[in-house]
Amino acid sequence: MRWIRFVACALLLATTMPAAPAAEPASWPQRTVRIVLPLPGGSGTDLAARLLAERLSQRWRQPVIVENRPGVDGIAGVTAFVNAHDDHTLLFSFGGPITINPFVHAKLPYDPARDLVPIAPAIDNFFAIAATRSLSAATLAAFVQRARREPGALNWTATAGLPQYIFAALAKEAGLQMTFVGYRGLSEALADFGEGRVHVFVTGLPSLLGQVQAGKANLLMVTNHARSPLAPSVPTANEVGYPQLSIDGVVGFYGWRDMPSGLRDRIAADVRAAAADAAIANRLRDVGVVVRSGTPADLAAAIGEQRDKVAAMIGATQPAH
């Protein structure tokens, strides 16, 4: 808990106090800006990064390129950003490297509180819990009742990170005894889920829609604070009685250590302006991503909430000693 309080204070200070000793460049950017994305290409987050990079390039009158640096839990990408020591390199990242990694990795090659300066939120991804149609559970309440009646008979899977911790916490809270099935890739997991060999799948909402539309699965809830435009009839975690599991899949821009506060605010304003383009919002909505506009303090607050809820989930699912 002391570590949590330290990181929370550091993130807050990063958004409210002038950075030192670096001085804000008189004209920024002066050359190509690189955006490091700790994910592979092809995702909604990758699309968002490239659409925003195009708009930012127009505003800044300099090339803006996106560099995909995938790796376990985002560590490779964040480490590449931190090690660049470059005032023309930004990080575009999901929350996991900040909110989850410090709890599950004994040692990290970066310090989230020291090395990552929140600039601005940009998008929200949606995660969802789905049950195979064979369970005849159209709602989360119906699924919980079914699982309680058959302890140990059902299984589940989830993509790594938030989805896995969210369902583990749900199972603990609801008193469910289910078996976790691990997979190396999403396609194999989706295939087994579609055939009913896996009973529950927790992952990004767009990945589940194919199974739902084929009549093979039911969506039980989204884990975000708001409903998804791709599935507006599906309730949120808060609406089905699990507010502690309500976590937005926020993705935002981060700057380097000792980033000048004035430059941070300028970039944040440019990100908000770029994201305000209706064409970007419409294109992202088609792939299940919504634009999330805000300030450095807004991103720090969203990450702080996610971190606190992840800490509670991990604590709740740890075996008692």
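The values are calculated or read from the model by the stated rules, or taken from the named source; none is laboratory data. Bear in mind the structure is a predicted one, so any value in this text is a computation, not a measurement. No Cβ is skipped: glycine too gets one built from the backbone with ideal geometry, and neighbour counts run over all protein chains shown.
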Problem - Residue that is surrounded by the most Cβ atoms within 10 Å (Cβ to Cβ), among those in the range 282-321 that are part of a helix (DSSP H, G or I) and among the polar types (S, T, N, Q) - result: GLN306
Exercise for the section: For the range 267-296, enumerate the residues that are out of contact with any strand residue (DSSP E or B) (no Cβ under 9 Å at 6 or more places or on another chain) and basic (Lys, Arg). Expected result: ARG283
Exercise for the section: Kindly indicate whether any position in the range 250-257 is part of a helix (DSSP H, G or I) and buried (at least 21 other Cβ atoms within 10 Å of the Cβ). Expected result: no
Problem - Unique match (being modelled with pLDDT of 95 or more and on the phi > 0 side of the Ramachandran plot) among ARG34, ARG61, ARG69, ARG55 - result: ARG61
Problem - Which listed residue, of ARG227, ARG146, is among the charged types (D, E, K, R) and within 17 Å of the chain's Cα centre (by Cα) - result: ARG227
Handout entry: Options TYR254, TYR242: the member that is under 19 Å from LEU52 (Cβ atoms) and among the hydroxyl-bearing types (Ser, Thr, Tyr)
Key = TYR254
Exercise for the section: Return yes or no: is GLY175 surrounded by fewer than 16 Cβ atoms within 10 Å (Cβ to Cβ), in the same structural domain as VAL200 (by TED's automatic domain parsing) and touching a helix residue (DSSP H, G or I) at 6+ places or on another chain (Cβ under 7 Å)? Expected result: yes
Practice task
Those residues that are crowded, with 17+ Cβ neighbours inside 10 Å and under 11 Å from THR132 (Cα atoms), I need them from the range 193-215; list them, please.
Solution key: PHE193, GLY194, VAL198, HIS199, VAL200, PHE201, LEU208, GLN211, VAL212
Practice task
May I ask you to list pairs of residues, at least six apart or on different chains, whose Cβ atoms are under 8 Å apart, with the first in the range 254-268 being outside the structural domain of PHE81 (by TED's automatic domain parsing) and under 19 Å from GLN30 (Cβ atoms) and the second being crowded, with 19+ Cβ neighbours inside 10 Å and polar (S, T, N, Q)?
Solution key: none
Exercise for the section: Among the residues of the range 37-52, write down those that are at pLDDT 95 or above and hydroxyl-bearing (Ser, Thr, Tyr). Expected result: THR45
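In this structure, does ALA273 turn out to be part of a helix (DSSP H, G or I) and surrounded by fewer than 22 Cβ atoms within 10 Å (Cβ to Cβ)?
Working: part of a helix (DSSP H, G or I): yes; surrounded by fewer than 22 Cβ atoms within 10 Å (Cβ to Cβ): yes.
Yes; evaluated as a whole, the condition is true for this residue.
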Problem - ALA49 vs. criteria out of contact with any helix residue (DSSP H, G or I) (no Cβ under 7 Å at 6 or more places or on another chain) and buried (at least 21 other Cβ atoms within 10 Å of the Cβ) - result: yes
Exercise for the section: With a cut-off of at least 3 residues that are free of Cβ contacts under 8 Å to residues at least 60 places away in the same chain, out of contact with any Gly (no Cβ under 6 Å at 6 or more places or on another chain) and β-branched (Val, Ile, Thr), name the helices (runs of 4 or more DSSP H) lying wholly within the range 42-144. Expected result: 75-84
Handout entry: Condition met for GLY77 (in contact with a strand residue (DSSP E or B) (Cβ under 9 Å, 6 or more places away or on another chain) and not basic (Lys, Arg))
Key = yes
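Can you say whether LEU219 is crowded, with 19+ Cβ neighbours inside 10 Å, outside the structural domain of LYS309 (by TED's automatic domain parsing) and touching a Phe, Trp or Tyr at 6+ places or on another chain (Cβ under 7 Å), as far as the supplied structure shows?
Numbers: crowded, with 19+ Cβ neighbours inside 10 Å: yes; outside the structural domain of LYS309 (by TED's automatic domain parsing): yes; touching a Phe, Trp or Tyr at 6+ places or on another chain (Cβ under 7 Å): no.
The answer is no for LEU219.
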Practice task
Please verify whether the range 153-164 includes one or more residues that are more than 24 Å from LEU209 (Cβ to Cβ) and out of contact with any Phe, Trp or Tyr (no Cβ under 6 Å at 6 or more places or on another chain).
Solution key: yes
